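Undergrad: Can you keep this structure in mind? I'll have questions shortly.
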């Protein structure tokens, strides 16, 4: 995706007001700053409305950047980072080689790239695709048969929460996926981890996980193939919204102060 750039001539507009130039310029810059923040909020709003299970991935990669000086001009930026660009622009069907460039990517002794891909199955249903919900249902059912809780924290004999890897099991009846050598319900692991919330208060988080390995060799084997998807182009829509908001609302309100 090429950069979307909204040019606002703050200097030229403020020059029209003679002795009031500095005041007008300050108001215009404040208005542009507000517009950038509003645009960022608009993108987040569109993500919540339209992206379903992908919204968290998109939200964590869209950011408002504090204004910077570039070539003598002040610039405000709303940026989408690379890991979510495929949601914005879409992607062709084919091998998911982007997973080999992620944080978990490593290189084997033979010089081949590989990565361990985690799948968390006890996410909120609103964050899951239809396929992920189906797999989570299978795992939850099996855990019920084994007498294991899906969401309740487990405690030891001393009354303190258990931590670490608590359980590991396979579900043999799950269908195999074309993307993976083994079903996503093999190697289910239940973890409990001590974490701190935003206020610094410690709590215990329960995760139900499976892990799969993707390597360069899988490309020739026809595994880890993405079916392709159309882009959602949320930034394009937010950009058009920003243009209209500046032209029809913010700029007229600022100029009216100095009529």
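Values in this text are rule-based calculations from the coordinates and carry no lab data. Note that this is a predicted model, so its numbers are computed, not measured. Neighbour counts run over all protein chains shown; Cβ positions are idealised from the backbone, glycine included.
Undergrad: Classify the stretch 69-222: rounded, prolate or oblate, from the alpha-carbon gyration tensor (a ≥ b ≥ c, eigenvalue square roots; a/c under 1.5 rounded; otherwise prolate if a/b is larger than b/c)? Could you put the intermediate results ahead of the total?
TA: Details: a/c = 2.01, a/b = 1.29, b/c = 1.56.
Oblate is the answer for the stretch 69-222, as a/c is 1.5 or above yet b/c matches or exceeds a/b.
Undergrad: Peptides 230-240, 122-132: what's the order by average Cβ count within 10 Å, highest mean first? Display every interim value, and only then the final one.
TA: Details: 230-240: 16.6, 122-132: 12.8.
Averaged packing, sorted descending, gives the order 230-240, 122-132.
Undergrad: Turning to a different aspect of this structure: What angle do you read, to the nearest 10 degrees and between 0 and 90, between the alpha-carbon axis of helix 130-145 and the longest principal axis of the chain?
TA: Once rounded, the angle reads 40 degrees.
Undergrad: Where does the chain land at 222 nm, in deg cm²/dmol rounded to the nearest 500, when only DSSP H runs of n ≥ 4 count, each adding -39500 (n - 2.57), divided by all residues?
TA: -10000 deg cm²/dmol
Undergrad: By the gyration tensor of its Cα atoms, with a ≥ b ≥ c the square roots of the eigenvalues, what is the shape of the stretch 40-97: rounded for a/c under 1.5, prolate for a/b over b/c, or oblate? Write out the running numbers ahead of the final one.
TA: Details: a/c = 3.29, a/b = 1.65, b/c = 2.00.
Taking the square roots of the gyration eigenvalues as a ≥ b ≥ c, the stretch 40-97 is oblate.
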